[in-house]
Amino acid sequence: MLHAYMLHPRSFYQDTIRLYPELAVLRGFPLTQIAVRIDDAMAYIPATEQIKFWEAATGEAAAPPLKTTPSDEFKITCPTALILQITDPVISVAAFLNDIARSVSGKGVGVAGTLLSAEGKFDLERSTAITSKIASAVDFPMIKNLRLDDAVYHLQAHSHSMFADIEVEFLSCYGNPGGFSIDLGNAVLRQGSFASIMYHAGSFLELTMKGESAMGPTNEIDLVWHTHQLSVNYRDDLMRLFGWFLDHVDVAPSEILTSALSNADRLWENTFGTPYESYFKTKIFRKQSW
């Protein structure tokens with residue numbers, strides 16, 4: 001989830017300032033810290049202190065069930081003292097109005113999507129000015145006294161004319177579950193394709209190490225392989241898993257390259273039953289001791 005979140009750097013940076021200042025201590029993805037906590041079976045067991053911290057901070061179980069039924073419940077805090085149907089628009093508008101209220105009262109830093117200029121520079125003065133303009137457009141002193149469902153209708157019915165002269169895309173930041181300014185759930189699913197490339201890179205490496213002929217990787221697999229080579233563990237990993245070391249060859253005669261691509265196509269499809277997509281391949285592997 002953090003990986004997918006940080007791949008939206010503009011939203012991640014602004015959300016860190018507005019909502020989750022504790023994330024600022026990361027100063028980058030904690031790749032090394034995560035890697036040392038994952039064993040070869042990809043099993044991660046959090047420490048007792050980590051579980052207690054998560055449950056105290058979120059009010060949710062550290063290990064929720066992987067499958068749920070209609071009888072399972074998920075409780076959320078009602079955004080108003082009134083009794084009304086809790087829907088995504090209601091929750092979104094509640095978050096929007098809350099951000100305006102916090103900014104107007106001096107307790108917040110502006111509504112979502114306003115903290116960075118078009119060039120990406122942090123500009124609190126600009127954010128405050130835009131938020132004040134938005135508060136004026138929605139007539140905040142009046143709308144905060146409405147029932148929340150009336151406020152939803154008011155914003156949905158008049159949002160286009162209210163914000164026509166405000167050249168900042170901020171409303172889309174409030175249409176996502178969980179309070180994030182992006183749809184983090186779908187972002188995680190989209191990054192699943194990247195995870196599959198990582199898996200395919202491992203599969204290709206295994207086929208190459210066990211085969212007798214040169215093979216050519218796709219560009220995506222080659223990128224993962226390059227990243228592995230930049231790790232201090234590259235040689236040790238291959239010696240431990242396969243008993244010999246695979247060198248990097250970034251140039252080869254055309255006839256060897258053609259043969260390598262053909263070998264990769266044939267072996268990959270014979271092993272996994274799926275096409276290898278030859279048009280992505282650019283390089284070859286070669287067995288060589290070190």
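Straightening the chain between residue 193 and residue 227 buys 10.5 nm, computed as 0.36 nm per residue apart minus the Cα-Cα spacing. With R₀ set to 35 Å, the beta-carbon distance separating residue 219 from residue 186 gives a calculated FRET efficiency near 0.85.
With θ taken as phi - 60° and the Karplus curve 6.51 cos²θ - 1.76 cosθ + 1.60 applied, the whole-hertz 3J(HN,Hα) list for region 106-112 is x, 9, x, 10, x, 6, 4 Hz, x standing for glycine and proline.
As a calculated quantity, the FRET efficiency between residue 125 and residue 150 at R0 = 45 Å, using C-beta atoms, amounts to about 0.85.
Every number here is computed from the coordinates shown, using simple stated rules; none is lab data. In this text the structure is predicted, and so the values were computed from the model without any measurement. Cβ sites come from the backbone with ideal geometry, for glycine too, and all protein chains shown count toward neighbours.
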